[in-house]
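Worksheet: one structure, shown below.
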Amino acid sequence: MTSADEWRVRRGEVSDRLWIRDTLAAELATNSYLFSVDRATVLRVADKAEAGWEALIVSPADEPTERAGWVLFEPVPTLTVAYAFVEPAYRRLGAWRALREAIGLRDGMQVAVVLGSPRACSDARKRYAVKHNWGRAL
């Protein structure tokens, strides 16, 4: 798979929430902003973040029940991404492109990022006008 056309994006459902929270908690546990923070606190941050945002799920078009990734976001007043995740097996195959198109994110556009690590924000700044807004997670 190499194009965003080969992906299906849908709204997150109640049945997706545990998966989103668990993958978010696992990702946050490796985030340098949360270095040495205990697991219970990381789970509380993941619970709070997961619950308050719109969620989109991306799947390969030919395997619509397979969950390849997700994005937690808020479209207005400024597009804000709490966190985006793509399963390692689906990275660099177009899953993120499909999600970013679905939320309306374009190259050069201003976007606020809440839980992105320093590295993720640095990578994102190569394409977007990123404003880091960690305080939204608290």
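For region 59-72, enumerate the residues that are surrounded by 13 or more Cβ atoms within 10 Å (Cβ to Cβ) and out of contact with any Lys or Arg (no Cβ under 7 Å at 6 or more places or on another chain).
Pro60, Glu66, Arg67, Ala68, Gly69, Trp70, Val71, Leu72
Would you tally the residues in region 73-96 being surrounded by fewer than 17 Cβ atoms within 10 Å (Cβ to Cβ) and over 12 Å from the mean Cα position of the chain (by Cα)?
Step one: of region 73-96, the residues surrounded by fewer than 17 Cβ atoms within 10 Å (Cβ to Cβ) are 75-78, 87-89, 91-92.
Next cut, over 12 Å from the mean Cα position of the chain (by Cα) only: 75-78, 88-89, 91-92.
The qualifying residues number 8.
Restricted to region 31-54, and to residues that are modelled with pLDDT under 85 and not in a helix (DSSP H, G or I), which residue is surrounded by the most Cβ atoms within 10 Å (Cβ to Cβ)? Spell out the reasoning first.
Quick first cut of region 31-54, residues modelled with pLDDT under 85 only: 31-52.
Now drop any that are not not in a helix (DSSP H, G or I), which leaves 31, 35-38, 52.
Numbers: Asn31: 18, Phe35: 8, Ser36: 4, Val37: 14, Asp38: 10, Gly52: 12.
Top of the filtered list is Asn31.
For region 1-36, give me each residue that is more than 16 Å from Gly116 (Cα to Cα) and aliphatic (A, V, I, L, M).
Across region 1-36, the qualifying residues are Met1, Ala4, Val9, Val14, Leu18.
Could you give every pair whose Cβ atoms fall below 7 Å, whose first residue belongs to region 3-25 and is among the β-branched types (Val, Ile, Thr), and whose second residue is at pLDDT below 90 and crowded, with 17+ Cβ neighbours inside 10 Å, counting only separations of at least 6 or pairs across chains?
Ile20/Glu50
Scan region 104-126 and tell me whether some residue there is β-branched (Val, Ile, Thr), without any contact (Cβ under 8 Å) to a residue 40 or more places away in the chain and within 23 Å of Arg17 (Cβ to Cβ).
The first filter runs over region 104-126 and keeps only residues β-branched (Val, Ile, Thr), leaving 111, 113-114.
Okay, now just the ones that are also without any contact (Cβ under 8 Å) to a residue 40 or more places away in the chain, so 111, 113.
Now narrow it down to the ones that are within 23 Å of Arg17 (Cβ to Cβ): 113.
Yes; the residues of region 104-126 include at least one that is β-branched (Val, Ile, Thr), without any contact (Cβ under 8 Å) to a residue 40 or more places away in the chain and within 23 Å of Arg17 (Cβ to Cβ).
Please enumerate the residues belonging to region 98-138 that are in a helix (DSSP H, G or I), at pLDDT 95 or above and among the charged types (D, E, K, R).
Once the filter is applied, which keeps residues that are in a helix (DSSP H, G or I), at pLDDT 95 or above and among the charged types (D, E, K, R), region 98-138 yields Arg100, Glu101.
Residue pairs, Cβ under 6 Å, 6 or more apart or interchain, first in region 48-77 and within 17 Å of Asp5 (Cβ to Cβ) and free of Cβ contacts under 8 Å to residues at least 60 places away in the same chain, second surrounded by 12 or more Cβ atoms within 10 Å (Cβ to Cβ) and among the β-branched types (Val, Ile, Thr). List them.
Going by the 6 Å Cβ cut-off, the qualifying pairs are Leu56/Val9; Leu56/Val71; Val58/Val9; Gly69/Val58; Gly69/Val86.
Out of the residues in region 43-102 that are polar (S, T, N, Q) and in contact with an Asp or Glu (Cβ under 8 Å, 6 or more places away or on another chain), which is nearest to Tyr128 (Cα to Cα)? Reasoning before the result, please.
Start the filter on region 43-102 by keeping residues that are polar (S, T, N, Q), which leaves 59, 65, 78, 80.
Among the residues that remain, those that are also in contact with an Asp or Glu (Cβ under 8 Å, 6 or more places away or on another chain) are: 59, 80.
On the way: Ser59: 24, Thr80: 12 Å.
It comes out as Thr80.
Just need a number here: residues in region 18-30 that are out of contact with any helix residue (DSSP H, G or I) (no Cβ under 7 Å at 6 or more places or on another chain) and either at positive phi or part of a helix (DSSP H, G or I) (or both). Walk me through it before giving the result.
The initial filter retains those residues of region 18-30 that are out of contact with any helix residue (DSSP H, G or I) (no Cβ under 7 Å at 6 or more places or on another chain), namely 18-19, 22-23, 26-27, 30.
Filter again for either at positive phi or part of a helix (DSSP H, G or I) (or both), leaving 18-19, 22-23, 26-27.
Of the residues in that region, 6 qualify.
The values are calculated or read from the model by the stated rules, or taken from the named source; none is laboratory data. Values in this document were obtained by computation on a predicted structure and should not be read as measured data. Virtual Cβ from ideal backbone geometry, glycine too; neighbours counted across all protein chains shown.
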